[in-house]
1. Going highest first, how would you order 166-175, 105-114 by mean Cβ packing within 10 Å?
2. Assuming R0 = 45 Å, what is the FRET efficiency of S195 and F35, from their Cβ-Cβ distance, to the nearest 0.05?
3. Determine the sum of side-chain charges near T342: Lys and Arg each +1, Asp and Glu each -1, restricted to other residues whose C-beta is under 11 angstrom from that of T342.
4. State to the nearest 20 debye the size of the charge dipole of the stretch 43-201 about its Cα centre, where the only charges are +1 on K and R beta carbons and -1 on D and E beta carbons.
5. Can you give the charge dipole size of the stretch 174-285 about its Cα centre, rounded to the nearest 20 debye, using +1 on the beta carbon of Lys and Arg and -1 on the beta carbon of Asp and Glu?
6. Roughly how far apart, in whole Å, are the Cα centres of the stretch 37-92 and the stretch 258-290?
7. Can you give me the long-range amide H partners of G103? Hydrogens built in the peptide plane at 1.01 Å from N, cutoff under 5 Å, separation of 5 or more residues or another chain.
8. What distance in nm lies between label points placed 7 Å from Cα along the C-beta direction at M76 and N155?
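No lab work stands behind these numbers, since they all come straight from the coordinates. These numbers were taken from a predicted model, which means no experiment stands behind them. Quick reminder, even Gly has a Cβ in these numbers, built from the backbone with ideal geometry, and neighbours come from all protein chains shown.
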Amino acid sequence: MLKNLLDACGAAIGFWSVGYAFAFGGTNFGGPSTFIGNANFFMMGMDNYAEWIFQFAFAATSATIVAGTLAERCQMAAYLCYSIVLTGFVYPVVVHSIWSANGFLSAKSANPLWDTGVIDFAGSSVVHVTGGFTALIATKILGARKGRFFDERGNPIDRPQKIKGHSVSLQVMGAFILWFGWYGFNTGSTSAISSADHGRVASVAAVSTTLGAACGCITSLFGRAILTERRTGEVIFDISAALNGCLGGLVSITAGCSVIEPWAAVFTGSVAGLLYLLSSELLVKFRIDDAVDAIPVHLFNGLWGMLAVGLFASPGKLEDAYGRSKHVGWFYSWGKGSSDATLLGANLVGVLFILGWVLLTMLPFFCILNYLGWFRSDPLEEIVGLDISYHGGSAYQKDAIKSEHLRAFMERKNRVHMNLNDTFISEGLQQPVAQGGSGRRSSDEVSEGV
């Protein structure tokens, strides 16, 4: 929870100082295309604070996607570092390119790419592909949690061990909160409801969001049940699969929520639920450890959402949302006797740009963190749990923590503390704790109750 809080705090600092400036600074409607913004640093000369707080929410979301993937084995400093870099530089360049009126891929540009530009209404690619691909790079470098794919000696396990979350109730509550919050993202991206057109756009976005989430949930739930029955002979309705399928449906519908018909939203969400199951199994096959399945939900379904726009964007909905419909979804082009796939091609270009940009920037960044030893937690700290090693206490029942691991951890902490005291004494400095004790509980005290 603290790491998610740090993500939000780091995102606020990064987006306030330089992030918003790189994303939207110096926007000039009708002006030339640029790669990055160049004004409003530290919000100087800015008066539209509502726009800043709305865009900050998107930026923070891209950072928290990574946090879930790296759970249970990443150092505290790494969270703060990557959240600032991601929201202060990497993510803003993507935003500027696709959402700014001066972005070279933007549909709002005076001269959009191929007369259409990249259409991503609320962030399937801008937010979710950026965050999801960053998470994939990070977890590949960081490695899997202990016991997930390898035993204590580092030998591969024949059947990967599933590490379950501690509270299904909190998972369900979190999914409902996200679903509700998604209406703010998708309908809020209309930016205004001052005209009938804006009202229609917002209402279509709300309907698409609802249908995408519902269909993703249902197809994922029953898809997992069918797979389980074929493998074990027993039908199990997995609530985690249903929840992640719901989120996958939300991610996939985000790009085209304002430009597709309700039937297309149903199809997009249904495919998203199945795509989540397939991509989750794919990660396990390649021994890539994603603690909360954020990569299947955000990366793969973000990619699918961009393709869905290129396939299903409706002429009428494009007119309402973007004021033009020269290039529509590929299926609609077929209906007119044409094979115009310009919009689909433009969205593919946008996706390739994001993947290339994130790879170019975040791969060296995480490699440097790893080289400096700032990325992965100490093995013993990981075994006893980061709650104990970083925060001084366990938030949950610690029956699964072996007493010998806990005792070894506390003994090592005490040795470090004693060495520190010796250093202070030898240099004639005041000791950091009272003479009467080390200031820490003994290993026996910790074993009895943290």
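1. Numbers: 166-175: 12.7, 105-114: 18.7.
Listed from highest to lowest mean packing, they are 105-114, 166-175.
2. Values: r = 33 Å, r/R0 = 0.72.
Efficiency, from the Cβ-Cβ distance: 0.90.
3. In short, -1.
4. On the way: 11 positive and 9 negative charges, 154 e Å.
Dipole of the stretch 43-201, to the nearest 20 debye: 740 debye.
5. Values: 5 positive and 6 negative charges, 25 e Å.
With only Lys, Arg, Asp and Glu charged at Cβ, the dipole is about 120 debye.
6. 26
7. HN-HN under 5 Å from G103: T34.
8. 3.7
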